[in-house]
Amino acid sequence: MHDFASRQHGHRAAMENQDVTFVTLGSLRVWNGGRDCTPKTPKVLQVLALLLMRANRAVQTESLINELWGDEPPRSALTTIQTYVYQLRRLIEREGLGDGADGNMLITQSPGYILRLRPGQVDLDSFAELRRTGRAHFMQGNFAEASANLRAALALWTENALANVKLGPQLTAHVVDLQEQRRTALQMAIEAELELGMHRELVGELRSTVAQYPLDEWFHQRLMQVLDRCGRRSDALGVYHHLRRTLGDELGIDPSPEIQELHRQLLE
């Protein structure tokens, strides 16, 4: 009878927690269905963020200490980390975030901790899978499918990753890597859509993107190309001159030979 009750409890817990999700590609949020269960304490949120960045892998206590205090941790650092982990466990238990009868989502594995999540429970997993599938389609020449997958990956981003979390050295490295993954996914999506002849559709997005990345020559080159293919050669030349001034003023360099060659072609 006891075993049957335990199985029933575990089944109910699994059903209740199937909608527990973690959002990192924007402000960090913990959702249980429609209920926001995000920790309120900034350093607890910071600990959770690092555990999420390395979900299902051990995060050493030393890494957590480095994230929170850099190279000058207080004497109480280890005890304080243990307190933050305890608070996270209390949150997981209180909000019913863990799976199964034990609800054991955050486990100790000396010398650190592991946050155990199911595939797709954190948006990082979905982004990585969609990006990987989109790249595979792109390499196979399936540009419509590549665009669909890459745009779905990019749509998961609502703002900068972990926008509401104070970033120490560990999280800063993760966020920089994620931003680069986001940029390369966007570049691949644009390349796929250029192959599909979507030049007019890309003008607005590329104008916005070069404003966001004023020193990125790749996006400027693609904007020049789509403007030219839309019959807007003067606008394309304007993009070149603006880029040349910006690179000269900021870095003291000229545009790349590829962009200079495109500029020469536009003048012909």
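The values are calculated or read from the model by the stated rules, or taken from the named source; none is laboratory data. Owing to the predicted nature of the structure, the values given are computational and were not obtained by experimental measurement. FYI the Cβ positions are ideal-geometry reconstructions off the backbone, even for glycines, and counts take in every protein chain you see.
Data table
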read-out: Counted residues, the stretch 144-186 - those being assigned to a helix (DSSP H, G or I) and over 19 Å from Glu129 (Cβ atoms); value: 7
read-out: Pair list, Cβ under 7 Å, 6 or more apart: the stretch 255-266 residue under 11 Å from Tyr240 (Cα atoms), other residue basic (Lys, Arg); value: Pro255/Arg244; Leu266/Arg233
read-out: Identity of the residue in the stretch 222-263, surrounded by 16 or more Cβ atoms within 10 Å (Cβ to Cβ) and among the β-branched types (Val, Ile, Thr), that ends up farthest from Arg200 (Cα to Cα); value: Ile259
read-out: Some residue of the stretch 90-99 being in the same structural domain as Asn66 (by TED's automatic domain parsing), at pLDDT 95 or above and touching a Lys or Arg at 6+ places or on another chain (Cβ under 8 Å); value: no
read-out: Test result for Arg118, over 18 Å from Glu62 (Cα atoms), modelled with pLDDT under 95 and under 25 Å from the mean Cα position of the chain (by Cα); value: yes
read-out: Of the criteria (1) in contact (Cβ under 8 Å) with a residue 40 or more places away in the chain; (2) out of contact with any strand residue (DSSP E or B) (no Cβ under 8 Å at 6 or more places or on another chain); (3) more than 30 Å from Ala146 (Cβ to Cβ), which one Val59 fails; value: (2)
read-out: Condition check for Leu162: touching a helix residue (DSSP H, G or I) at 6+ places or on another chain (Cβ under 6 Å) and at positive phi; value: yes
